[in-house]
Amino acid sequence: LYCYFISIAELHLSHATEVSVNNTENKLCLYANLMVNFSVTYEVGVNKSETVLFVLPENVTTEGSICNNTTSTLKLGFGDGHSWAVEFTKDNKTYQVDSIVFTYNLNDSNVFTNSTSNETKSVTAKPRITNVGVDTYYSCKSENVQRVESVTQTLYDVTLQAFVTNGSKSDTDTVCTADLTSSTVAPTTTVTTTAAPTSTPTPTLPTPTTGNYSIAPDFNSTACLMATFGLRIGFKQGDKVETINLVPSATEVGGACGVNSSILILTSDTINIMFTFNNDSKKFHLHALNVTVKPATGVAVVAANTNMSIWVAAVGSSYMCNKEQTLTVTETLTLYTFKLRVQPFGVEKGEFATAHECSLDDTSILIPVIVGAALAILILIVVIAYVIGRRKTYVGYQTL
């Protein structure tokens with residue numbers, strides 16, 4: 001297994017940044033509604049670095065944005081000296097994004113904790129956002145990952161329109177290639193936990209190998225997040241249901257340990273899954289799942305659920321479920337876990353704390369049910385015997 005550590009600064013997964021820019025005539029000329037995640041690795045000591053994960057916030061400024069006939073710039077400022085700028089160019093019939101310039105201030109201690117540098121740095125990415133029809137907006141639900149030097153930018157749920165005419169956003173879109181070749185599922189709030197739903201075909205794959213995953217602040221520290229489980233994913237390809245197992249030996253492990261939110265990220269050639277755990281100081285739970293499956297044949301499947309409340313246990317304890325659990329993330333994607341145990345908060349000495357067992361494992365619940373059922377049956381037998389005895393006695397009296 002491969003492991004790296006990420007710290008968290010104001011990470012929220014379920015909001016978008018929406019902005020409108022007007023021209024000198026006070027008419028709309030640029031529009032954006034999108035989500036951007038940033039991952040930045042920076043130095044905190046000699047031969048020592050950390051990686052921070054944060055998002056483009058909802059509240060940004062548009063100072064520095066420019067609208068011209070053939071070139072435009074959308075510049076979003078946020079935080080303490082950070083900015084994200086998109087450069088557009090246009091020809092007669094189409095426009096495109098030439099570059100995205102992300103500028104970040106390492107002197108911002110709220111984001112870059114313990115940074116040894118106070119520089120302001122910039123990286124320039126060249127995304128493939130081209131051939132967008134004039135008078136249309138660019139639409140892309142799928143992830144667009146841009147890696148430059150020590151910075152990774154992930155764009156998703158993107159709506160962009162430059163060179164707006166008539167002062168209003170177009171109703172016609174130019175859809176990105178990734179959305180045309182993938183099945184992207186919008187977030188849902190439906191979550192179920194069952195032992196074996198009849199609507200899901202019996203998987204033909206062997207039981208998944210149990211993987212042991214952990215996150216530590218650095219190589220010299222013990223784990224702050226621990227998880228062990230086997231994982232299978234079921235997903236729809238048209239009318240057909242496919243299944244795939246996560247292979248621990250071919251999986252990279254990443255994530256983050258926070259005070260109120262922790263993240264576990266598992267990445268292989270075919271599966272990318274992010275578990276987000278929240279806690280309210282007393283109990284923790286699995287809050288969100290973001291899953292991408294890239295099967296050997298067929299199209300990629302993207303699914304997300306950001307309103308979950310499962311795998312609940314007290315902070316400082318672990319959650320365990322040895323029996324197979326079924327989690328319906330969306331209508332087209334289902335997770336199956338085997339021999340699950342997780343502890344995203346309060347890990348001490350690199351060991352799991354006392355486990356809260358799921359109802360499927362808890363045999364103490366079954367014992368009173370079984371005893372009660374046995375007593376009910378015994379009472380029923382006694383009643384039936386009594387009725388039969390009374391009937392025989394009554395018949396005997398009639399004969400006499």
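Tabulated values for the structure
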read-out	value
Single residue of G64, G79 found to be out of contact with any Phe, Trp or Tyr (no Cβ under 6 Å at 6 or more places or on another chain) and surrounded by 16 or more Cβ atoms within 10 Å (Cβ to Cβ)	G79
Tally, over region 244-260, of residues that are of a type in the set (V, I, T) and either in contact (Cβ under 8 Å) with a residue 60 or more places away in the chain or in contact with a helix residue (DSSP H, G or I) (Cβ under 6 Å, 6 or more places away or on another chain) (or both)	2
Unique residue being closer than 22 Å to T124 by Cα, of a type in the set (A, V, I, L, M) and out of contact with any Leu (no Cβ under 9 Å at 6 or more places or on another chain) when the list is V46, V52	V52
Only listed residue being over 23 Å from S39 (Cα atoms), assigned to a strand (DSSP E or B) and at pLDDT below 90, chosen from V329, V301	V301
Filter result (closer than 27 Å to N22 by Cα and surrounded by fewer than 17 Cβ atoms within 10 Å (Cβ to Cβ)) within region 38-57	P57
Residue match in region 104-120 (condition: assigned to a strand (DSSP E or B) and free of Cβ contacts under 8 Å to residues at least 24 places away in the same chain)	no
Single residue of region 263-285 satisfying the filter (β-branched (V, I, T) and open to solvent by 30 Å² or more (accessible area, probe 1.4 Å)) that is nearest to L53 (Cα to Cα)	T267
Counted residues, region 279-321 - those being among the aliphatic types (A, V, I, L, M) and closer than 26 Å to D157 by Cβ	13
All positions within region 95-112 that are within 24 Å of C29 (Cβ to Cβ), open to solvent by 40 Å² or more (accessible area, probe 1.4 Å) and hydroxyl-bearing (S, T, Y)	none
Flag for S139 being assigned to a strand (DSSP E or B), at pLDDT below 95 and surrounded by 16 or more Cβ atoms within 10 Å (Cβ to Cβ)	yes
Residue match in region 146-155 (condition: at pLDDT below 95 and open to solvent by 70 Å² or more (accessible area, probe 1.4 Å))	yes
Filter result for E43 (assigned to a strand (DSSP E or B) and either at pLDDT 85 or above or closer than 30 Å to C257 by Cβ (or both))	yes
Tally, over region 149-165, of residues that are more than 23 Å from the chain's Cα centre (by Cα) and touching a residue at least 40 places away in the same chain (Cβ under 8 Å)	5
Scope region 173-213; condition open to solvent by 50 Å² or more (accessible area, probe 1.4 Å) and modelled with pLDDT of 80 or more; matching residues	D173, V175, T177, L205, P206, T207, T209, T210, N212
Residues (in contact (Cβ under 8 Å) with a residue 40 or more places away in the chain and either in a strand (DSSP E or B) or open to solvent by less than 40 Å² (accessible area, probe 1.4 Å) (or both)) located in region 312-326	V312, A313, A314, S318, M320, C321, Q325, T326
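Residues are listed down the side, and each one gets a yes or a no for (1) crowded, with 16+ Cβ neighbours inside 10 Å; (2) modelled with pLDDT of 95 or more; (3) not in a strand (DSSP E or B):
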{"residue": "S7", "(1), (2), (3)": "yes, no, no"}
{"residue": "V36", "(1), (2), (3)": "yes, no, no"}
{"residue": "N59", "(1), (2), (3)": "no, no, yes"}
{"residue": "N69", "(1), (2), (3)": "no, no, yes"}
{"residue": "L74", "(1), (2), (3)": "yes, yes, no"}
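The values are calculated or read from the model by the stated rules, or taken from the named source; none is laboratory data. Every value quoted in this text rests on a predicted model; they were computed, and no experiment measured them. Glycine also receives a Cβ, built like all others from the backbone with ideal geometry; neighbour counts cover every protein chain displayed. Just the protein is used for accessible areas: all its heavy atoms, side chains included, with ligands, DNA and RNA removed. Shrake-Rupley method; radii C 1.70, N 1.55, O 1.52, S 1.80 Å.
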